Every structure is written in C-alpha cells, then in structure tokens.
Amino acid sequence: MNKIGTYILLSCIGGILIYAACKRVRVFDVFLEGAKENISCAFSILPAFVGLLLAVHMLTASGAADALTAALAPLLSKIGFPAEVLPLCILSPISGSGSLSAFQSLLAKYGPDSFIGRTASVIAGSTETTFYTVTVYYGAVGVKKIRHTVLCALCADGISFLLSAIFVRLFFD
C-alpha cells in the first residue's frame, strides 16, 4: 500500500476511535459483542457451506462438468461463444476458487490477449458465485424460499456469459 493509502486508513481508524471516545462508547466491549454475534452466524451457515463445497467437488471429480462442456460445445460455437470457456461458466456460479482455477488455466493455455483469455477475463470480472452468495446470505438470515432468487441470478449469469463474448468481439476485434 502506498503512503497516501496508509494515511487514509490510519485517519479512518483514528476518526472512529475519536468519535467513539466522544460518544463514550467502550470500543473493545462493542468489538467483542460483534465478534460473538458473527461466530454464532458462522456456525449457522456452516452446514450449508459444507454441502456447497461437497457438491462442487463432486461435480468436478465426477466428470459431469466435462461432459456438459462436450455436449454444449457445438451449440456454443454456432453463436460465436468459445467452448473452451464453458468450464469457467459452469464453475463461476458455484465456486469462486474453482472458477479462479479454471480462469488461471485458460490464461495459461491461451494467453490473456487471446479471444478466449479476454472473454474469460470479462466473465471472471462480471459474474458472481451465485450459489455461494445465496447460501451464505440467505442462510445467515434464515430465508428458506430461494428459488426465484436463484433463477434470476442464474439468468443474469447466463446473459453475462453470452454478452462477454459479444463485447470482447466488439471492443477488441
């Protein structure tokens, strides 16, 4: 971090501490109270998170992701979408670390300045780990009915995938 960033961060922390002192807030006690609440929240989310990680591992280890890629490759090539990016598209809504791994392998194999590398870069920067986000945030507040959220989020991801190739062609070709 540069010097200006360091000064800004220290100023923010100092400002918070000065404001708390003026309001006579016991900062450490409030910090401990917040930490206790977050630990209980983490324990409530843990089962859903473990289930999500297990599903991601099973999807990749079973070869289902590869089979889906092979099945959709002919259709995607007709609309100008690179089939090589499809594993990234499959993993992106499910796992951040899995999609990052797929992204890195695409960049290593095809290069960052290739059509595939640029499309993968746009996808990595414009999509969300939908299932992870829904699991964590909805699990934290106890929401059980998530089907409309997941459907809308997956539609947004799908549109992002398709538009990534279009915009890469538009801006870089």
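Quick note: the coordinates plus some simple rules give every number you see, no bench work behind them. What you see is a predicted model, and the numbers here were worked out from it, not measured in a lab. Virtual Cβ from ideal backbone geometry, glycine too; neighbours counted across all protein chains shown.
Annotations
- Unit charges on C-beta of K, R, D, E only; dipole of the chain, Debye: 440
- Segments 160-167, 14-21, 62-69 sorted - mean Cβ within 10 Å per residue, highest first: 160-167, 62-69, 14-21
- Taking Rg/Rh (Cα atoms, Kirkwood Rh) as calculated from this structure, the corresponding entry among (1) 1.11; (2) 1.00; (3) 1.18 is (1).
- Entry note, the chain: the mean residue ellipticity at 222 nm calculated from DSSP H runs of n ≥ 4, each adding -39500 (n - 2.57), is -27500 deg cm²/dmol after division by the residues and rounding to the nearest 500.
- Membrane-span-like helices in the chain (whole DSSP H runs, Cα extent of at least 18 Å along the helix axis, mean Kyte-Doolittle hydropathy of at least 1.6): 3-22.
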